[in-house]
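Read through the structure below, which is laid out as structure tokens, and then see the notes.
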């Protein structure tokens, strides 16, 4: 792999990234994005499959006689956030914004496809997965359920995500858990409602909700072993419409993040017990919705160590000391195929915007490192 060859690709790829940034699309709505990617892949001679997982695109590049294959994945969707960057290529769509760097992921994977199509320094098949709907809608799950790995078999699958907390260009991963499972709970406490001046006649859903929030925040501290990692956060409390009315119902919403399904089971069971007990003690009824929408992202140990060794050939590689509690639907691909998820540092120093922040922008200076990593994974694992 020559540095010059990849550097020659950077200017048009940065322009491509800026165009995608200016035209963001939400999950399962990435029609323009998918069309642009498909056109680019066809232009470099790849076999192209559209509509995989609704709006996903798969590019296939074969070389040599080997039956070995790997998958490289990039996510395509944007976030429902109003951009506040004032960039010349800022989002042209009100309330939609590439605030997680998926535009950069697309550009890096496209650059790897361009380089590998030109050099063909591998023996086997590289499948380029351009995945829709990572941000909460489970696009990876949909692709897998539609037979992604039956149609495009892989011995290993890898994904790369920019990581502002790491120094620019640093690559990190770890065997085992790297991203948390994501659960969403919604609790509805229901009474009758009534006048706030005569509360003794009305079961108080507001008071019950207040008590319940305090109880829920004891689950991690008192029900989960100290050496197990978990987070429970209440993020919404909704109820009431007037200062002199006790509302008939209150809704509590929150999230749980874990790495171990056994810990997940304990938290859900304890949450349901607390809701039932609180409702009974306050004379209310309760309904609980608990959705385990993303499992933990767990790297295959061999694949993660192999990826870390390869990363060391293209940049500074670090063994991540601990996983992150943020979630990632690449977990569904790792449930179906051995592989690893990696972080690419893009920190610009103190004050740089974090992921999902209105002022965030992908750091184009790390694009070459990301391309080289994708290329090195393909060339090393599918070595001739």
Discussion item. Among 53, 339, 283, which one shows the highest mean-square fluctuation when the chain is modelled as a Gaussian network with alpha-carbon springs under 10 Å?
Written reply: 283
Worksheet item: So for 293, 360, fewest C-beta neighbours within 10 Å to most, what's the order?
Response: 293, 360
Worksheet entry | Two-decimal ratio, the stretch 1-98, of alpha-carbon radius of gyration to 2.2 N^0.38 Å | 1.25
Discussion item. Between residue 302 and residue 215, how high is the FRET efficiency from 1/(1 + (r/R0)^6) when r is the Cβ-Cβ distance and R₀ = 41 Å? Nearest 0.05.
Written reply: 0.45
Response to the item:
Taking r as the C-beta separation of residue 8 and residue 47 and R0 as 30 Å, the FRET efficiency to the nearest 0.05 is 0.75
Response to the item:
Cα extents of the chain per principal axis, largest first, Å, are 79, 44, 41
Item to complete: Between residue 241 and residue 32, take the C-beta separation as r, use R0 = 51 Å, and let me know the FRET efficiency to the nearest 0.05.
Response: 0.80
Discussion item. Could you work out how much longer the chain between residue 289 and residue 253 gets when fully extended? Use 0.36 nm per residue separation minus the Cα distance between them, nm to one decimal.
Written reply: 12.0 nm
Worksheet item: With labels modelled as points extended 7 Å from the Cα through the Cβ direction, what inter-label distance (nm, one decimal) is found for residue 357 paired with residue 207?
Response: 4.3
Item to complete: Any chance you could give the angle, 0 to 90 degrees and rounded to 10, that helix 261-282 forms with the longest Cα principal axis of the chain?
Response: 20
Worksheet entry | Within the chain, percent of DSSP bridges classed antiparallel, to nearest 5 | 65
Practice prompt. Rank 295, 247, 358 by mean-square fluctuation in a GNM of the chain with C-alpha springs under 10 angstrom and give only the top-ranked residue.
Written response: 247
Worksheet item: For the stretch 357-384 and the stretch 16-48, what is the separation of their Cα centres, given in Å?
Response: 18
Worksheet entry | Cβ-based exposure ranking for 338, 92, 270, in which fewest neighbours within 10 Å come first | 92, 338, 270
Worksheet item: Once the principal axes of the Cα atoms of the stretch 42-101 are found, what is the range along each, listed largest first in whole angstroms?
Response: 50, 24, 18
Worksheet item: Say a paramagnetic label sat at a point 7 Å from the Cα of residue 196, along Cα to Cβ; which residues of the stretch 225-247 have their backbone N under 16 Å from it?
Response: 238-247
Item to complete: Mind sorting 274, 143 by how few other Cβ atoms lie within 10 Å of their own Cβ, fewest first?
Response: 274, 143
Worksheet entry | Extension gain, residue 222 back to residue 260 (0.36 nm per residue minus Cα-Cα distance, nm) | 12.0 nm
Worksheet entry | Rel. contact order, % - alpha carbon contacts under 8 angstrom, at least six apart, the chain | 25
Worksheet, complete the sentence: CD proxy, 222 nm, the chain: helix-only mean residue ellipticity via -39,500 (n - 2.57) per DSSP H run with n ≥ 4, per residue, nearest 500, stands at -10500 deg cm²/dmol
Discussion item. Please compute the contact order of the stretch 182-291 in relative form: average sequence separation of alpha-carbon pairs under 8 Å and at least six residues apart, divided by the residue count, as a percent.
Written reply: 43
Discussion item. Suppose a student asked you for the relative contact order of the stretch 63-126, using Cα pairs under 8 Å spaced at least 6 residues apart; what percent would you report?
Written reply: 52
Worksheet item: Mind checking the angle between helix 10-22 and the chain's longest principal axis? C-alpha axes, 0 to 90 degrees, to the nearest 10.
Response: 30
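Every number here is computed from the coordinates shown, using simple stated rules; none is lab data. None of these values were measured; they are calculated from a predicted model. With ideal geometry, Cβ positions are generated from the backbone for all residues, glycine too; neighbour counts draw on all protein chains shown.
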